[in-house]
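The values are calculated or read from the model by the stated rules, or taken from the named source; none is laboratory data. Only a predicted model underlies this, so the values are computations on that prediction, with no experimental measurement involved. Glycine also receives a Cβ, built like all others from the backbone with ideal geometry; neighbour counts cover every protein chain displayed. Each accessible area value is taken on the protein alone, full model and side chains, heavy atoms only, with ligands, DNA and RNA left out. Shrake-Rupley method; radii C 1.70, N 1.55, O 1.52, S 1.80 Å.
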Amino acid sequence: MKNLLLFGPPGVGKGTQGEHLCRDLGLVQLAMGDILREAVANETSLGLEAKAFMEQGKLVPDSLVVGMIQSRILSLECEQGFILDGFPRNVAQAEILDKMLLDNSIQLDFIVFMDAAEDTLLARLTGRMLCSSCGFGFHRHYSPPSVEGVCDKCSGELYQRKDDREEVISERLEVYKQQTKPLLDYYGAREAFIKVDASADTKEVYSVLLNLVNA
Ligand code: AMP
C-alpha cells in the first residue's frame, strides 16, 4: 500500500500524473478539484456554495473542503492506498490533514512537490480542453483531438474549464504563490518529501515519478 500526496502550481500536471500512477499502482485518486466540480455539477449545497469561489480562481473555504476530503480519505475504497491531489492547498489544511492522518494511523509515503516555470504552466492551462461526457483531457497544441472540439474516446463535446480562462488563471497562480507555495516549508524537511521537475513532457515526467515511488 502507498499513500501519496502531490502538490504544486495549477497546470503542473498533478491530475494527469496522478491518474497514470493510480492506474499503474492500483491506487485511488482523490483530486479535490474533481470532487468539488462533481459537487457543483450535482448542485449539492456544498457545490452551490463552492461554485463562485472556483469560478473566480479563489480557494473554497476550508470549512467546506475539509469534511468532503476527510470522508473520502477514510473510506474503504482508500484502504489500498490513495493519491491526494489539490489538498491541502494552504498550511491550515495541511495541519488538519496531519491530525486526521495521525488520529487514524495513516501515513504519507511520498509527498511530491511538482514544479515548472510559469510560462509552461500558462501554456498548459490556456490550451487545456476536457470532454464534457467522459472527462478525458486534451490540449490544443500538445495532445489535440483528431477532430476539433470532439473527444477521441467517446465523441463527447470538448469544453474549456471556466477557470482556465486567462484572467482567472492569473488569480489562481497568485493564490498558489501566497497560500499553497508555503507548503514547501511545511513539508520540505520530511523524509517522505521529494521534488520533481515537471517541465518536461508528460511521459518523461511520469517515468521519473514512477521510478521514484517504486524505488
Ligand atoms: P483544481 O482542479 O485542483 O485546479 O481546483 C480547481 C478549483 O477548486 C481551485 O481553483 C479552487 O477554487 C478549488 N479547490 C480545489 N482544491 C481546493 C482546496 N484544497 N481548498 C480550497 N479550494 C480548492
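Odds and ends about this structure:
- The distance linking the range 57-103 with the range 110-130 is 22 Å (Cα centroid to Cα centroid, whole angstrom).
- Overall form of the range 8-47 per C-alpha gyration tensor (a/c, 1.5; a/b vs b/c): oblate
- Only lysines eight or more places from K203 in sequence, or on another chain, were considered; those with a Cα closer than 22 Å are K2, K14, K153, K195.
- Charging the Cβ of each Asp and Glu at -1 and of each Lys and Arg at +1, and nothing else, the dipole of the chain about its Cα centre rounds to 60 debye.
- Calculated accessible area for the chain comes out at 52 Å² per residue, all protein chains present (probe 1.4 Å; ligands, DNA, RNA ignored).
- Pair-distance distribution of the range 1-81: all C-alpha pairs, bin width 10 Å, starting at 0; shares per bin in whole percent are 16, 46, 33, 5.
- Cross-link partners of K51 among lysines (Cα-Cα below 20 Å; sequence separation of 8 or more within a chain): K162
- Candidate aspartates and glutamates - alpha carbon under 16 Å from K58, same-chain residues fewer than 8 apart omitted: D34, E49, D163, D164, E166, E167, E171, E174
- A cut-off of 5 Å between modelled amide H atoms, ignoring neighbours fewer than 5 places along the same chain, links V196 with F113, M114, D115.
- Solvent-accessible area of I73 with every protein chain in place, 1.4 Å probe, in Å² to the nearest 10: 10
- Solvent-accessible area, 1.4 Å probe, carbon plus sulfur percent, for the range 70-192: 48
- Global form of the range 116-155, assessed from the alpha-carbon gyration tensor, a/c cut-off 1.5: prolate
- The range 45-94: C-alpha gyration tensor shape, a/c 1.5 cut-off, then a/b vs b/c: prolate
- When all protein chains stay in place and ligands, DNA and RNA are ignored, the 1.4 Å accessible-area order of D163, D103, largest first, is D103, D163.
- Given 16 as the ceiling on other Cβ atoms within 10 Å, longest exposed-site-free region of the chain for GluC sites (Glu not before Pro) in DSSP loops: 80-147
- Computed in the context of the full set of protein chains, the accessible area of the range 1-62 at 1.4 Å probe radius has 51% of its extent on carbon or sulfur.
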